[in-house]
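K.L.:
Structure below; questions to follow.
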Amino acid sequence: MSRKQKLKMPVTMESGIPIRFLPHRKKKPWMLDLYKSGVRTRTCFATEKEAQQAAMREAGNLVSEGMQALALSREQRLDAARALLILNGTATLEAAADFLMRHSVAGEAGKPVREVVADFLQAKRGANRRPGTLRDSTSRLGRVVEAFGDRPLGTITLLDLERWLSGLKVGPVTRDHYRRYVVSLFKYGQRRGLCDRNPALGLAKSGRDERMPTILTPKEVQNLLEVAQARAPEIVPYFAVGLFAGLRPLNELARLDWRNIDFKAKTILVDPATAKRRRSRYVKMSANLLAWLTPYRRTSGTVFYSRRLFRRVVEKAGFATWTPDAMRHSFASYHLAAYGDANATALQLGHAGAPGVLFDHYRALAKPKDARAFWKIKPKAAQVIHFPKRVTA
């Protein structure tokens with residue numbers, strides 16, 4: 001339809017709003033032609049009466065809105081104009097005001113980060129988290145408090161977190177640890193209604209090449225155990241279980257009780273109280289582990305461990321440095337190389353159903369011949385010492 005034809009259309013006015021009749025439209029020929037907030041809208045109706053009623057309603061709305069605008073002071077109108085310039089069409093003033101109120105410093109939603117972290121740590125204590133977990137949480141989140149202590153949690157953006165994380169100057173593994181704790185903090189904040197989203201989920205995980213864990217060679221294991229037999233025989237069971245059962249050194253191995261070592265069933269029960277994920281499991285005892293433990297066998301009491309004696313043995317065995325998980329890594333690598341079953345190895349390690357964790361953290365590329373040598377390491381008969389009843393933590 002040409003502009004000339006449009007101009008010839010019959011037009012009537014209702015409450016100052018034009019109503020056009022469109023003869024080419026059969027079902028809804030009456031069109032309400034309205035400009036509102038700088039935007040032209042056209043609505044069609046079946047009858048002229050319907051169009052007139054709609055025009056009267058719109059006119060009433062315009063009058064009401066005009067009165068509201070007139071009620072604003074000059075400073076308020078100028079403030080609104082400046083705000084619209086800042087928004088530059090990206091959001092309405094109403095949406096901006098709503099966001100501000102939800103993230104303002106008023107009320108519970110405005111609780112500063114330092115208080116949120118304190119509440120979060122208290123919740124962890126109430127959930128019976130282990131002391132080591134609490135220490136790590138306190139340390140990691142302490143860095144968050146240093147950076148954002150007085151800011152409300154909901155005002156922190158992804159860009160803020162990216163800049164903070166990059167400024168820590170830490171390695172990729174440590175960076176991912178910080179990321180994990182910050183994600184948990186914001187999840188807690190969401191549950192409490194302190195933030196409406198979790199910006200930490202947008203933090204990219206570190207890209208890093210695979211790095212094989214450090215493991216001991218069969219020759220180093222043999223030497224380590226022989227030095228222990230000669231220098232500190234009471235700590236031999238600790239080394240033997242760590243090497244040939246792969247228990248976690250800090251919790252599971254350091255707190256292992258002789259009552260959980262079943263020589264008849266050839267299993268070691270890892271108690272839920274010591275297991276990392278608080279789930280019990282049985283670790284099968286190999287023939288050489290039985291050979292190492294039998295001379296020191298007891299019916300109860302904690303398997304002996306002494307930091308001083310441990311260091312003495314490690315140093316005398318020729319290790320200038322010692323990786324805390326070296327024994328566990330060695331067990332995992334040689335078990336996988338010997339049996340070729342990632343699920344079985346993961347089960348022994350306490351990662352049942354998650355062999356991916358095994359491949360990411362607990363295995364190195366061990367040769368089958370080295371694996372065979374590892375599982376044949378046994379005490380020499382002449383060196384076996386039937387240690388009596390002493391046991392100490």
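K.L.:
Can you tell me which residues in segment 306-318 are surrounded by fewer than 21 Cβ atoms within 10 Å (Cβ to Cβ) and either touching a residue at least 40 places away in the same chain (Cβ under 8 Å) or among the acidic types (Asp, Glu) (or both)?
P.N.:
If the condition is that a residue be surrounded by fewer than 21 Cβ atoms within 10 Å (Cβ to Cβ) and either touching a residue at least 40 places away in the same chain (Cβ under 8 Å) or among the acidic types (Asp, Glu) (or both), then Ser306, Leu309, Phe310, Arg312, Val314, Glu315, Lys316, Ala317, Gly318 are the ones that fit.
Residue-wise test of (1) among the aliphatic types (A, V, I, L, M); (2) under 18 Å from the mean Cα position of the chain (by Cα).
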{"residue": "Gly126", "(1), (2)": "no, no"}
{"residue": "Leu134", "(1), (2)": "yes, yes"}
{"residue": "Arg197", "(1), (2)": "no, yes"}
{"residue": "Leu203", "(1), (2)": "yes, yes"}
{"residue": "Thr217", "(1), (2)": "no, no"}
{"residue": "Gln222", "(1), (2)": "no, no"}
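K.L.:
Residues that are under 20 Å from Pro324 (Cα atoms): which helices (runs of 4 or more DSSP H) entirely in segment 212-295 hold 2 or more of them?
P.N.:
Ranges flagged: 218-231, 236-244.
K.L.:
I would also like to ask the following. Sort out which residues of segment 368-393 are in a loop (DSSP other than H, G, I, E, B) and at pLDDT below 90, and write them in order of number.
P.N.:
Result: Lys380, Val384, Ile385, His386, Phe387, Pro388, Lys389, Arg390, Val391, Thr392, Ala393.
K.L.:
Would you confirm, using the coordinates I've provided, whether Leu247 is of a type in the set (A, V, I, L, M), over 32 Å from the mean Cα position of the chain (by Cα) and closer than 27 Å to Leu309 by Cα?
P.N.:
Spelling it out, it is not the case that Leu247 is of a type in the set (A, V, I, L, M), over 32 Å from the mean Cα position of the chain (by Cα) and closer than 27 Å to Leu309 by Cα.
K.L.:
Keeping to segment 1-29, report how many residues are of a type in the set (Ser, Thr, Tyr) and either surrounded by 13 or more Cβ atoms within 10 Å (Cβ to Cβ) or at pLDDT 80 or above (or both).
P.N.:
Adding up the residues that qualify gives 2.
K.L.:
Across segment 314-332, what is the number of residues that are under 19 Å from Arg248 (Cα atoms) and hydrophobic (A, V, I, L, M, F, W, C)?
P.N.:
6
K.L.:
Does Ala346 count as assigned to a helix (DSSP H, G or I) and either of a type in the set (Val, Ile, Thr) or closer than 18 Å to Lys369 by Cα (or both)?
P.N.:
no
K.L.:
Of all residues in segment 192-204, which are modelled with pLDDT under 90 and either in contact with an Asp or Glu (Cβ under 8 Å, 6 or more places away or on another chain) or part of a helix (DSSP H, G or I) (or both)?
P.N.:
Those that are modelled with pLDDT under 90 and either in contact with an Asp or Glu (Cβ under 8 Å, 6 or more places away or on another chain) or part of a helix (DSSP H, G or I) (or both): Arg192, Gly193, Leu194.
Here is a yes/no grid of residues against (1) modelled with pLDDT of 85 or more; (2) of a type in the set (D, E, K, R); (3) farther than 25 Å from Gly154 by Cα; (4) not in a helix (DSSP H, G or I):
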site: Met31; (1), (2), (3), (4): yes, no, yes, yes
site: Leu34; (1), (2), (3), (4): no, no, yes, yes
site: Thr41; (1), (2), (3), (4): no, no, yes, yes
site: Gln52; (1), (2), (3), (4): yes, no, yes, no
site: Glu65; (1), (2), (3), (4): no, yes, yes, no
site: Ala83; (1), (2), (3), (4): no, no, no, no
site: Met101; (1), (2), (3), (4): no, no, no, no
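K.L.:
Given the structure, is Arg298 in a loop (DSSP other than H, G, I, E, B) and either aromatic (Phe, Trp, Tyr) or at pLDDT below 85 (or both)?
P.N.:
Judged against the criteria, Arg298 is not a match.
The values are calculated or read from the model by the stated rules, or taken from the named source; none is laboratory data. No experiment lies behind these values; they were computed from the predicted model shown. Methodologically, a virtual Cβ is constructed for each residue, glycine included, from the backbone with ideal geometry; neighbour enumeration extends over all protein chains shown.
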